[in-house]
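Data first, discussion second: the structure below is written as structure tokens.
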Amino acid sequence: MLLPQLTYLPVLLVALAAAQTLPQRADILRGEYGPWRANNDLLSYDLDIRVDPEKKFIRGKNTIRFKMLKEDTRIQLDLFANLNVDKILSGSTELKYTRELNTVFVDFPAALKRNSVQAIEFYYSGSPQEAGRFGGISFRKDPAGRHWITTACEGIGASVWWPNKDQQRDEVENMRLRVAIPNNLTDVSNGRLVGKTDLGDGFTRYDWAIHYPINNYCVSLNIGSYEHFSDKLGDLTMDFYCLPENLEKAKRQFSQAKPMMEAFQKYFGEYPFRQDGYKLIEVPYSGMEHQSAVTYGNRFANGYLERDWTGVGVSLKFDFIIVHESAHEWFGNSITASDVSDQWIHEGWATYAECVYVEAMFGREDALKYTNGYKSKVRNRQPIITARGVNQTPSQDQYFKGALFLNTLRSVIDNDTRWWRLMRDYCRTFRYRNILTEDLVHFFNERTGMNLSPIFDQYLRQAALPALELRFQEGDGSVSYRWKADVKDFAMPVKVGRKTDWQTIHPTTEWMTMKTGVKKEEFEVATDQYYIDVIRN
Ligand SMILES: [Zn+2]
């Protein structure tokens, strides 16, 4: 996802406060991996639709293939209540279904056997409504008055415009997307274009093949009057789409994509969706990480909506949306959080990837400046990880504190060769997988041979930062130190003393004392490498 502008933050905080109350039925239906979701494993979608821009109307079907994991007669799918279910077929048999809010429970006449592979055709139609922060699906016009239809439905859910199993834990292995639109328009979706058919009735169908697992909210329509240009990085295709009027601006701005791709591949390993290629597509909203079809609306200017995003003079050196949304190809699209509670696996990591990009392009000093610029956006009011299974989106700390935490973790590892190897191993180990924070912590503990669990727990499952408490005994030139933290047994090395000659100490929650040649007023803590509070007595 992309970040809200700061002006939205008060609204967002109110919404989050409301979300702390008991989950509503709609949140359980949407957020819980309940028995009729858990009883099956998605194999593929084949979404075949006709989009009528004049009537703002969609009609079509999704053929959903899945394997039963246990014998059962019912599965849970989702489609927003304002869209019609026309019929649901299993072969030639019309299936019964029950709708509750945005959920559709589908019932089979006889129990489906465990391990059996099933295919159902879900026919639907209607006029989807714009909803959510980025519209969900928008039927707009571009500045020249031509139709411009786009989707951006993270959060609200893909079921705002098409029927699917709308959760994050289970992804299809691959997908077909067939989109029929008026002849004068172009659809740019995810994956590889494998066919374009004139239907003879004023409509043309675009057939896209997605060769990888994909989360529902990444499935994207971008229908407009697009111009196209392309580039290559080795055998990776890079395709760019913009409105005709913006061609020169786009050619200039999108030239940042190639060096960015090289930097990300260097630090995080090969681009995960090589067979589908990389695309960058102009849209009317600020941007979104749609898999292999990253969407862009950052006004062809550096920074974020022309602002210095972290406020320390580094953001204006690059286009924030290109970098942040493309980073999600590794963090969010390839490695996906199984529950929105753990969404820092997308947002904290994508934000940290911005810092890595800055380091690759402009050096370590700028990277530290950029990373620490994010401190001004952190609230430390609630833990980054929220309650599971109730559709509770974490606070904005998941982005900024998430990135500052990963920068801290790098300092704890304190060996860059090892750190970059860990980054590549992490991306390779969990490629195309859906994970929870526990999986990630287990990986880091195992690969480093360290017990990092208390550190992960303090930063992700507690609101407050760990505080380094210092007590100076000037008479004998010594300093006592300990961590003040919520997590029992919290222990983390930290660098103290003089900036030119840091000394690494290993505080725990018990007091320890050391001699120091540095006077109290000159005694520093490396707070740009470790995101912590310091209490001086
Ligand atoms: Zn994001």
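Taking VAL323, is it over 27 Å from THR417 (Cα atoms) and among the aliphatic types (A, V, I, L, M)? The answer is no for VAL323. Any residue in region 350-359 that is away from the ligand (no atom under 15 Å from the Cβ), open to solvent by less than 10 Å² (accessible area, probe 1.4 Å) and of a type outside the set (A, V, I, L, M, F, W, C)? Scanning region 350-359, I find no residue that is away from the ligand (no atom under 15 Å from the Cβ), open to solvent by less than 10 Å² (accessible area, probe 1.4 Å) and of a type outside the set (A, V, I, L, M, F, W, C), so the answer is no. Does at least one position in region 72-80 carry a residue that is on the phi > 0 side of the Ramachandran plot and in a strand (DSSP E or B)? No, region 72-80 has no match at all. Filtering region 477-497 for residues that are among the polar types (S, T, N, Q) and open to solvent by 30 Å² or more (accessible area, probe 1.4 Å) leaves an empty set. Looking only at region 190-214, filter to residues that are open to solvent by less than 20 Å² (accessible area, probe 1.4 Å) and of a type in the set (A, V, I, L, M, F, W, C); which one of those is nearest to ASP170 (Cα to Cα)? The extreme case among them is ILE214. Applying a threshold of 6 Å to beta carbon distances and a minimum spacing of six or more residues, or different chains, the list of pairs starting in region 388-417 at a residue that is touching a residue at least 60 places away in the same chain (Cβ under 8 Å) and under 19 Å from VAL358 (Cα atoms) and ending at one that is among the acidic types (Asp, Glu) and within 16 Å of the ligand (Cβ to nearest atom) reads TYR399/GLU347.
Of the helices (runs of 4 or more DSSP H) lying entirely inside region 238-342, those containing at least 2 residues that are touching a Ser or Thr at 6+ places or on another chain (Cβ under 8 Å) are 257-268, 320-327. Would you say PHE122 is on the phi < 0 side of the Ramachandran plot and assigned to a strand (DSSP E or B)? For PHE122, the condition - on the phi < 0 side of the Ramachandran plot and assigned to a strand (DSSP E or B) - is met. Checked against the criterion of being within 16 Å of the ligand (Cβ to nearest atom) and in contact (Cβ under 8 Å) with a residue 12 or more places away in the chain, the candidates PHE273, PHE254, PHE300, PHE320 yield just one match: PHE320.
The values are calculated or read from the model by the stated rules, or taken from the named source; none is laboratory data. Computed from a prediction, not measured in an experiment: that's the story for all the values here. We place every Cβ from the backbone using ideal geometry, glycine too, and count neighbours over all the protein chains shown. The area values use the complete protein model at the heavy-atom level, side chains included, leaving out ligands, DNA and RNA. Shrake-Rupley method; radii C 1.70, N 1.55, O 1.52, S 1.80 Å.
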